[in-house]
Amino acid sequence: MSLPKSVKFTKNGVEYLSNCDRLQYTIKELTRAALRDTGKYVCKMTRKKVRRRTGRLAKNTQYWVRSKQEIPDLQVGFKPGGFYGLYQEIGTVKYKKIAALSDSTESGVAEIQKIQQQYLSAVGTESAESMIDEGEYQGE
(Lines give C-alpha, C1' and ligand atoms only; values in the text may rest on other atoms or scores of the structure.)
Protein backbone atom coordinates (compact mmCIF):
# COMPACT_ATOMS: atom_id res chain seq x y z
CA MET A 1 0.00 0.00 0.00
CA SER A 2 1.32 3.40 -0.89
CA LEU A 3 1.32 6.54 1.19
CA PRO A 4 -2.20 8.09 1.33
CA LYS A 5 -2.69 11.56 -0.10
CA SER A 6 -3.50 14.61 1.98
CA VAL A 7 -7.10 15.81 1.80
CA LYS A 8 -7.78 19.47 1.04
CA PHE A 9 -11.16 21.10 1.46
CA THR A 10 -12.46 24.65 1.68
CA LYS A 11 -15.12 25.84 4.09
CA ASN A 12 -16.23 29.47 4.40
CA GLY A 13 -13.20 30.66 2.45
CA VAL A 14 -10.72 28.83 4.71
CA GLU A 15 -8.67 26.01 3.20
CA TYR A 16 -8.11 22.96 5.44
CA LEU A 17 -5.44 20.33 4.93
CA SER A 18 -6.03 16.96 6.61
CA ASN A 19 -3.08 14.58 7.00
CA CYS A 20 -4.81 12.17 9.39
CA ASP A 21 -4.82 9.16 7.05
CA ARG A 22 -1.23 9.80 6.06
CA LEU A 23 -0.09 10.08 9.68
CA GLN A 24 -1.97 6.92 10.74
CA TYR A 25 -0.37 5.01 7.87
CA THR A 26 3.09 6.34 8.78
CA ILE A 27 2.69 5.38 12.45
CA LYS A 28 1.59 1.86 11.56
CA GLU A 29 4.42 1.34 9.08
CA LEU A 30 7.07 2.75 11.43
CA THR A 31 5.76 0.43 14.15
CA ARG A 32 6.08 -2.53 11.80
CA ALA A 33 9.62 -1.51 10.84
CA ALA A 34 10.61 -1.14 14.51
CA LEU A 35 9.16 -4.55 15.32
CA ARG A 36 10.98 -6.09 12.34
CA ASP A 37 14.36 -4.80 13.52
CA THR A 38 13.57 -5.85 17.08
CA GLY A 39 12.79 -9.35 15.84
CA LYS A 40 16.06 -9.50 13.94
CA TYR A 41 17.97 -8.46 17.05
CA VAL A 42 16.26 -10.96 19.37
CA CYS A 43 16.75 -13.80 16.86
CA LYS A 44 20.44 -12.94 16.51
CA MET A 45 20.98 -12.93 20.28
CA THR A 46 18.98 -16.16 20.71
CA ARG A 47 21.05 -17.97 18.08
CA LYS A 48 24.20 -17.14 20.04
CA LYS A 49 22.80 -18.64 23.27
CA VAL A 50 21.22 -21.82 21.87
CA ARG A 51 23.05 -25.05 22.65
CA ARG A 52 24.06 -26.62 19.35
CA ARG A 53 24.22 -30.23 18.34
CA THR A 54 23.19 -30.17 14.69
CA GLY A 55 22.61 -26.44 14.25
CA ARG A 56 18.99 -26.94 13.19
CA LEU A 57 17.55 -25.10 16.18
CA ALA A 58 19.52 -21.92 15.46
CA LYS A 59 18.42 -22.08 11.82
CA ASN A 60 14.79 -22.52 12.85
CA THR A 61 14.67 -19.43 15.07
CA GLN A 62 12.43 -16.89 13.38
CA TYR A 63 10.35 -13.76 13.94
CA TRP A 64 6.93 -12.81 12.59
CA VAL A 65 5.47 -9.31 12.48
CA ARG A 66 1.71 -9.69 12.36
CA SER A 67 0.06 -6.62 10.87
CA LYS A 68 -3.43 -7.73 9.81
CA GLN A 69 -4.89 -6.47 13.09
CA GLU A 70 -5.19 -2.81 13.99
CA ILE A 71 -2.03 -2.73 16.13
CA PRO A 72 0.92 -4.77 14.73
CA ASP A 73 2.71 -7.17 17.05
CA LEU A 74 5.84 -9.30 17.05
CA GLN A 75 6.28 -13.00 17.66
CA VAL A 76 9.69 -14.58 18.03
CA GLY A 77 10.04 -18.33 18.30
CA PHE A 78 11.05 -21.59 16.73
CA LYS A 79 9.68 -22.93 13.46
CA PRO A 80 8.32 -26.50 13.40
CA GLY A 81 11.75 -27.82 12.31
CA GLY A 82 13.14 -26.65 15.65
CA PHE A 83 10.37 -28.10 17.83
CA TYR A 84 12.90 -29.27 20.41
CA GLY A 85 13.80 -25.64 21.11
CA LEU A 86 11.00 -25.72 23.64
CA TYR A 87 12.94 -28.39 25.53
CA GLN A 88 15.93 -26.07 25.88
CA GLU A 89 13.73 -23.09 26.66
CA ILE A 90 11.81 -24.55 29.61
CA GLY A 91 13.91 -27.61 30.41
CA THR A 92 13.09 -31.32 30.75
CA VAL A 93 14.55 -34.31 32.53
CA LYS A 94 17.18 -34.74 29.78
CA TYR A 95 17.71 -31.08 28.85
CA LYS A 96 18.88 -28.48 31.29
CA LYS A 97 16.90 -25.22 31.16
CA ILE A 98 18.77 -22.72 28.98
CA ALA A 99 15.96 -20.19 28.36
CA ALA A 100 17.84 -18.66 25.42
CA LEU A 101 14.83 -16.85 23.98
CA SER A 102 13.58 -15.26 27.20
CA ASP A 103 17.10 -14.41 28.41
CA SER A 104 17.92 -12.76 25.07
CA THR A 105 14.83 -10.62 25.35
CA GLU A 106 15.29 -9.68 29.00
CA SER A 107 18.98 -8.90 28.71
CA GLY A 108 18.48 -6.85 25.55
CA VAL A 109 15.75 -4.51 26.81
CA ALA A 110 18.00 -1.44 26.55
CA GLU A 111 18.94 -2.26 22.96
CA ILE A 112 15.32 -3.04 22.08
CA GLN A 113 14.23 0.32 23.46
CA LYS A 114 16.93 2.03 21.41
CA ILE A 115 15.73 0.29 18.23
CA GLN A 116 12.09 1.20 18.93
CA GLN A 117 13.03 4.80 19.77
CA GLN A 118 14.96 5.21 16.53
CA TYR A 119 11.84 4.52 14.48
CA LEU A 120 9.05 5.93 16.61
CA SER A 121 10.80 9.24 17.27
CA ALA A 122 10.63 9.90 13.52
CA VAL A 123 6.82 10.14 13.49
CA GLY A 124 5.76 13.39 11.87
CA THR A 125 9.16 14.21 10.37
CA GLU A 126 10.32 14.16 6.77
CA SER A 127 12.70 11.24 7.40
CA ALA A 128 9.81 8.96 8.44
CA GLU A 129 8.85 8.15 4.86
CA SER A 130 12.39 7.06 4.01
CA MET A 131 12.41 4.60 6.94
CA ILE A 132 9.31 2.77 5.70
CA ASP A 133 10.06 -0.45 3.82
CA GLU A 134 7.09 -2.45 2.62
CA GLY A 135 9.10 -5.64 2.24
CA GLU A 136 8.79 -8.98 3.97
CA TYR A 137 8.08 -8.90 7.69
CA GLN A 138 9.05 -12.41 8.63
CA GLY A 139 12.25 -14.21 8.30
CA GLU A 140 15.80 -15.05 8.89
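The values are calculated or read from the model by the stated rules, or taken from the named source; none is laboratory data. For clarity, every value in this text was computed on a predicted model and none was experimentally measured. Virtual Cβ from ideal backbone geometry, glycine too; neighbours counted across all protein chains shown. Heads up: the accessible areas ignore ligands, DNA and RNA and are worked out on the full protein's heavy atoms, side chains in. Shrake-Rupley method; radii C 1.70, N 1.55, O 1.52, S 1.80 Å.
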TODO: For GLN117, state whether it is open to solvent by 20 Å² or more (accessible area, probe 1.4 Å) and at pLDDT 90 or above.
DONE: yes
TODO: Select, from GLU111, GLU134, GLU106, the only residue that is in a helix (DSSP H, G or I), open to solvent by 60 Å² or more (accessible area, probe 1.4 Å) and touching a residue at least 40 places away in the same chain (Cβ under 8 Å).
DONE: GLU111
- [ ] For region 35-71, name all the residues that are under 12 Å from LEU101 (Cα atoms) and not aliphatic (A, V, I, L, M).
- [x] GLY39, TYR41, CYS43, LYS44, THR46, ARG47, LYS48, LYS49, ARG51, THR61, GLN62, TYR63
- [ ] Identify all residues within region 54-72 that are assigned to a loop (DSSP other than H, G, I, E, B), under 15 Å from VAL42 (Cα atoms) and either out of contact with any Phe, Trp or Tyr (no Cβ under 9 Å at 6 or more places or on another chain) or of a type in the set (Asp, Glu) (or both); write none if there are none.
- [x] none
TODO: For region 73-94, name all the residues that are open to solvent by 50 Å² or more (accessible area, probe 1.4 Å) and part of a loop (DSSP other than H, G, I, E, B).
DONE: LYS79, PHE83, THR92, VAL93, LYS94
